[in-house]
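Trainee: Could you have a look at this structure, given as structure tokens, before my questions?
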Amino acid sequence: MPRKSTIDQLKEGAPEIPTNTCPYFDFVLEILKEIKEESPSHQIGEKIDLIESHIEYIRFANQTLRDGGEYWYHHCKDYANSKKS
């Protein structure tokens, strides 16, 4: 049986990476849009606008985390493979 690679050994204890959260954000934003359209209250509309801006910030932050994780994974994998040679 072949010995596990360094990357495979490191991945054993790694936490699971969540799936893309954008569809969940889109669903919540769609519900908020419906509430805003159905509500006569100007205050509710302003609060929904604030929630929407925060959701978009969280969406951006999540993507940045995913991109950072992918960046470091590839760099570590390249590094580990270069040590084998």
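Trainee: Looking at the stretch 45-69, which of the residues that are surrounded by 13 or more Cβ atoms within 10 Å (Cβ to Cβ) and charged (D, E, K, R) is farthest from residue 29 (Cα to Cα)?
Mentor: Of all residues in the stretch 45-69, those surrounded by 13 or more Cβ atoms within 10 Å (Cβ to Cβ) come to 45, 47-48, 51-52, 55, 59, 62-63, 66.
Add one more test, that the residue is charged (D, E, K, R), and what stays is 47, 52, 59, 66.
On the way: 47: 13, 52: 7, 59: 12, 66: 21 Å.
Checked the stretch 45-69; the qualifying residue farthest from residue 29 (Cα to Cα) is 66.
Trainee: Just for helices (runs of 4 or more DSSP H) wholly inside the chain: which have at least 2 residues that are modelled with pLDDT of 90 or more and touching a helix residue (DSSP H, G or I) at 6+ places or on another chain (Cβ under 7 Å)?
Mentor: Numbers: elements: 6-12, 22-38, 42-84.
The qualifying helices (runs of 4 or more DSSP H) are 22-38, 42-84.
The values are calculated or read from the model by the stated rules, or taken from the named source; none is laboratory data. In this text the structure is predicted, and so the values were computed from the model without any measurement. Cβ coordinates were reconstructed from backbone atoms using ideal geometry, including for glycine residues, and neighbour counts include every protein chain displayed.
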